[in-house]
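Contents: one structure, followed by commentary.
The numbers here are math on the coordinates, done by the rules we state, and not lab data. Owing to the predicted nature of the structure, the values given are computational and were not obtained by experimental measurement. Here the Cβ is made from the backbone with ideal geometry for all residues, glycine too, and neighbour counts use every protein chain on show.
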Amino acid sequence: MVSGSVYFSLMSPGARLRAHCGPTNSRLRVHLALAAQHGTCGMRVGNESRLWREGEVWVFDDSFEHEVRRRRGRRWPRGGG
């Protein structure tokens, strides 16, 4: 049997989901940006950072350290970091 969950998040300007790791490497996370102000929202998984782009999916191992940020109207530096 396959089971799973779906969560929807809305991040206000300046919001941050602090760096954390999942409890096990037995699950994958799938993040899909439904609406993202270009250049202001980003995510880091391990040593890789990316900007959110509407319709783009990012799949990663939940046991890797990850965090999400939304800048206060400012753009993320080039390279996503």
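Computed values, structure above
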{"quantity": "Radius 11 Å from Cβ of Arg29, net charge of other residues (Lys, Arg +1; Asp, Glu -1)", "calculated": "-1"}
{"quantity": "Estimated dipole of the chain in Debye, rounded to 20 [Cβ of Lys and Arg +1, of Asp and Glu -1, Cα centre]", "calculated": "520 debye"}
{"quantity": "Proxy reagent accessibility, fewest Cβ within 10 Å first, across Phe64, Phe8", "calculated": "Phe8, Phe64"}
{"quantity": "Estimated vicinal HN-Hα couplings, Hz - region 11-18 in sequence order (Karplus 6.51, -1.76, 1.60; Gly, Pro = x)", "calculated": "10, 6, x, x, 6, 8, 9, 4"}
{"quantity": "In order through region 41-51: 3J(HN,Hα) via Karplus (6.51 cos²θ - 1.76 cosθ + 1.60), integer Hz, x for Gly, Pro", "calculated": "10, x, 9, 10, 10, x, 9, 10, 10, 9, 8"}
{"quantity": "Spin-label model distance (nm) - Glu56 vs Leu28, 7 Å beyond Cα toward Cβ", "calculated": "1.9 nm"}
